[in-house]
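Undergrad: Below is one structure. I have some questions about it.
The values are calculated or read from the model by the stated rules, or taken from the named source; none is laboratory data. None of the values given here were measured: they were computed from a predicted structure. Neighbour counts run over all protein chains shown; Cβ positions are idealised from the backbone, glycine included.
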Amino acid sequence: MEIKNHGNWKRYKPAKLPEAAPANAMFSRRESDGVDWYDYVNSGENFAADSIKITTREGGFVGAAVTDPTMLFPGDGGLLEVIGYSVEDPQKAFGGKVYDADRKHFRDPPPPEAVPSMADLLKRLEALEGKTK
C-alpha cells in the first residue's frame, strides 16, 4: 500500500467567478502551488483510477474516503491517496481514523478524554465556593 500526499488545501474566493459557476460555489487551492481544486481534479492526470482518495482535517483526522475524486472537496485540509489497497467501502475502512504522516499509516483515534463525574464537579464547585467566602 502506497500513500501519496496531494498537499494541504485552503478555501478561497476567486476575484471573478468562472463562467457558469453558481454564486454559492466553493473554491479551494493547494497551499504549495495555488493550483485550483477543480482544475486539479478534472485534469484526469492526478489520481490513479482504482485508488482511494481521502480528505483529512487538522490533526490528520479522516473526513471522506472515496474512489471517485469528484465526490470530494478538500476545503481547508489535506488530501491523500491510497494506492494498491482495495476495499468495498472506503469510508467504512478509513472514516474516523487518524493519518500519522510521520509513520505513514492510519490508526484509530485516541479515546475521548474522560468526562468528570457529577460528584467530582460538585466537589470542585464546593472548593471554588469556599475560596470566595
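Each row is one residue, and each column tells you yes or no for (1) closer than 23 Å to Gln91 by Cβ; (2) crowded, with 17+ Cβ neighbours inside 10 Å; (3) free of Cβ contacts under 8 Å to residues at least 12 places away in the same chain; (4) not small (Gly, Ala, Ser).
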| position | (1), (2), (3), (4) |
| --- | --- |
| Leu17 | no, no, yes, yes |
| Ala20 | no, no, yes, no |
| Ile54 | yes, yes, no, yes |
| Leu72 | yes, yes, no, yes |
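For (1) modelled with pLDDT under 95; (2) surrounded by fewer than 13 Cβ atoms within 10 Å (Cβ to Cβ); (3) farther than 22 Å from Asp108 by Cα, each residue gets a yes or a no:
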site: Ile3; (1), (2), (3): no, no, no
site: Pro14; (1), (2), (3): yes, yes, yes
site: Ala23; (1), (2), (3): yes, yes, yes
site: Asn46; (1), (2), (3): no, no, yes
site: Leu80; (1), (2), (3): no, no, no
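Undergrad: Does Arg11 satisfy being part of a strand (DSSP E or B), more than 21 Å from Pro90 (Cα to Cα) and in contact (Cβ under 8 Å) with a residue 24 or more places away in the chain?
TA: yes
Undergrad: Is one or more of the residues making up the stretch 101-117 farther than 22 Å from Ser28 by Cα and surrounded by 14 or more Cβ atoms within 10 Å (Cβ to Cβ)?
TA: The answer is yes, given that some residue of the stretch 101-117 is farther than 22 Å from Ser28 by Cα and surrounded by 14 or more Cβ atoms within 10 Å (Cβ to Cβ).
Undergrad: In addition: Among the residues that make up the stretch 88-100, is at least one of them in contact (Cβ under 8 Å) with a residue 40 or more places away in the chain and touching a Gly at 6+ places or on another chain (Cβ under 9 Å)?
TA: Yes, because at least one residue in the stretch 88-100 is in contact (Cβ under 8 Å) with a residue 40 or more places away in the chain and touching a Gly at 6+ places or on another chain (Cβ under 9 Å).
Undergrad: Let me spell it out: the conditions are (1) surrounded by 12 or more Cβ atoms within 10 Å (Cβ to Cβ); (2) in contact with a strand residue (DSSP E or B) (Cβ under 8 Å, 6 or more places away or on another chain); (3) farther than 23 Å from Trp37 by Cα, and Ala64 meets all of them except one. Which number is the exception?
TA: Condition not satisfied by Ala64: (3).
Undergrad: Follow-up. Run Ala93 past the list (1) in a helix (DSSP H, G or I); (2) of a type in the set (A, V, I, L, M, F, W, C); (3) in contact with a Phe, Trp or Tyr (Cβ under 6 Å, 6 or more places away or on another chain) and report the number of the one that doesn't hold.
TA: Result: Ala93 fails condition (3) only.
Undergrad: Taking the condition of being part of a loop (DSSP other than H, G, I, E, B) and either among the basic types (Lys, Arg) or at pLDDT below 90 (or both), how many residues in the stretch 104-120 meet it?
TA: Selection size over the stretch 104-120: 9.
Undergrad: Out of Lys123, Lys92, which single residue is modelled with pLDDT of 95 or more, surrounded by 10 or more Cβ atoms within 10 Å (Cβ to Cβ), on the phi < 0 side of the Ramachandran plot and not aromatic (Phe, Trp, Tyr)?
TA: Result: Lys92 is the single residue among Lys123, Lys92 that is modelled with pLDDT of 95 or more, surrounded by 10 or more Cβ atoms within 10 Å (Cβ to Cβ), on the phi < 0 side of the Ramachandran plot and not aromatic (Phe, Trp, Tyr).
Undergrad: Could you run through the stretch 22-31 and say how many residues are in contact (Cβ under 8 Å) with a residue 24 or more places away in the chain and small (Gly, Ala, Ser)?
TA: The total comes to 1.
Undergrad: Could you check, for the stretch 32-51, whether at least one of its residues is touching a residue at least 24 places away in the same chain (Cβ under 8 Å) and in a strand (DSSP E or B)?
TA: no
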